[in-house]
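To start, the structure itself, in structure tokens.
Nothing in this text is a laboratory measurement; each read-out follows from the coordinates by a stated rule. Values in this document were obtained by computation on a predicted structure and should not be read as measured data. Every residue, glycine among them, receives a Cβ derived from its backbone with ideal geometry; neighbour counts consider all protein chains shown.
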Amino acid sequence: MRYAVVIERAERNYSAYVPDLPGCIAPGETVKEVEREIREAIRFHIEGLKQDGLPVPAPSSIAEYIEA
């Protein structure tokens, strides 16, 4: 599955979250690191949902850049 991920710049690092997987977040010192961490967080989150017998939400969010 392919999930949309939002990466935000914080004061001293980066943070990522997955809109379709509430609670699935990851920090990182660089964009590359936060991308690696959120991939692992997604895998871990989905594995936990399955182990708990909960449904895994299908990807439904759409990310797009809009010029203003």
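Restricted to region 8-46, and to residues there that are acidic (Asp, Glu) and in contact with a strand residue (DSSP E or B) (Cβ under 9 Å, 6 or more places away or on another chain), the residue that is nearest to PRO57 (Cα to Cα) is GLU40. Contact map, region 1-12: first residue on the phi < 0 side of the Ramachandran plot and assigned to a loop (DSSP other than H, G, I, E, B), second residue surrounded by fewer than 14 Cβ atoms within 10 Å (Cβ to Cβ) and aromatic (Phe, Trp, Tyr), Cβ cut-off under 7 Å, separation 6 or more or different chains; the map is empty.
Table: residues versus (1) under 16 Å from TYR3 (Cα atoms); (2) in contact with a helix residue (DSSP H, G or I) (Cβ under 9 Å, 6 or more places away or on another chain); (3) not in a loop (DSSP other than H, G, I, E, B).
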residue	(1), (2), (3)
GLY23	yes, yes, no
GLU35	yes, no, yes
GLU40	yes, no, yes
ILE46	yes, no, yes
PRO55	yes, yes, no
SER61	yes, no, no
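Would you point out the residue of region 4-22, among those that are of a type in the set (Asp, Glu) and farther than 19 Å from ILE46 by Cα, that is surrounded by the fewest Cβ atoms within 10 Å (Cβ to Cβ)?
Per the stated criteria, the residue is GLU11.
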